[in-house]
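One structure is given here, and the rest of the page talks about it.
The values are calculated or read from the model by the stated rules, or taken from the named source; none is laboratory data. Owing to the predicted nature of the structure, the values given are computational and were not obtained by experimental measurement. Note: ideal-geometry Cβ built from the backbone for every residue, glycine included; neighbour counts use all protein chains shown. Protein only, heavy atoms only, side chains kept; ligands, DNA and RNA dropped before computing areas. Shrake-Rupley method; radii C 1.70, N 1.55, O 1.52, S 1.80 Å.
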Amino acid sequence: MNTVRVNLGSRSYDIAIVSGDAAGVGPFVRAALPNTSTALVVCDSNTQALGRGVEAALAAAGLRTA
């Protein structure tokens, strides 16, 4: 997994880029947002299988998903 920093001053944030295995997404979100309990996974029919992998990784990190 690679991260890219979007520099917007006080509104800066990181983007996680995953290729193949989404397992690192859960720990990334948990470390970046330790007080977060819910995550939204957005996908369409073309990315639904990948979205399920991301959803599973987030759930494994203790996050509820929608």
Going by what's in this entry, would Ala23 be described as of a type in the set (Gly, Ala, Ser), assigned to a helix (DSSP H, G or I), surrounded by 10 or more Cβ atoms within 10 Å (Cβ to Cβ) and in contact with a strand residue (DSSP E or B) (Cβ under 7 Å, 6 or more places away or on another chain)?
no
Considering residues that are under 12 Å from Ala57 (Cα atoms) and assigned to a loop (DSSP other than H, G, I, E, B), the number found within the stretch 26-44 is 1
For the stretch 1-16, pairs from a residue that is more than 11 Å from Ala32 (Cβ to Cβ) to a residue that is open to solvent by less than 80 Å² (accessible area, probe 1.4 Å) and outside any strand (DSSP E or B), with Cβ under 8 Å and 6 or more apart or across chains, are Met1/Val18; Met1/Gly24; Met1/Val25; Met1/Phe28; Arg5/Ser12; Val6/Ser12
If we keep only residues of the stretch 28-41 that are in contact with a helix residue (DSSP H, G or I) (Cβ under 8 Å, 6 or more places away or on another chain) and surrounded by 15 or more Cβ atoms within 10 Å (Cβ to Cβ), then the residue modelled with the lowest pLDDT is Val29
Result of the Cβ filter at 9 Å on the stretch 42-65, keeping first residues that are open to solvent by less than 60 Å² (accessible area, probe 1.4 Å) and partners that are among the basic types (Lys, Arg), at least 6 apart or interchain, is Leu58/Arg30; Leu58/Arg64; Ala61/Arg30; Gly62/Arg30; Leu63/Arg30
Restricting attention to the stretch 28-60, the residues that are under 15 Å from Val18 (Cβ atoms) and either in contact with a Lys or Arg (Cβ under 6 Å, 6 or more places away or on another chain) or of a type in the set (Phe, Trp, Tyr) (or both) number exactly 1
Worksheet entry | Test for Leu8: is it open to solvent by less than 70 Å² (accessible area, probe 1.4 Å) and among the aliphatic types (A, V, I, L, M) | no
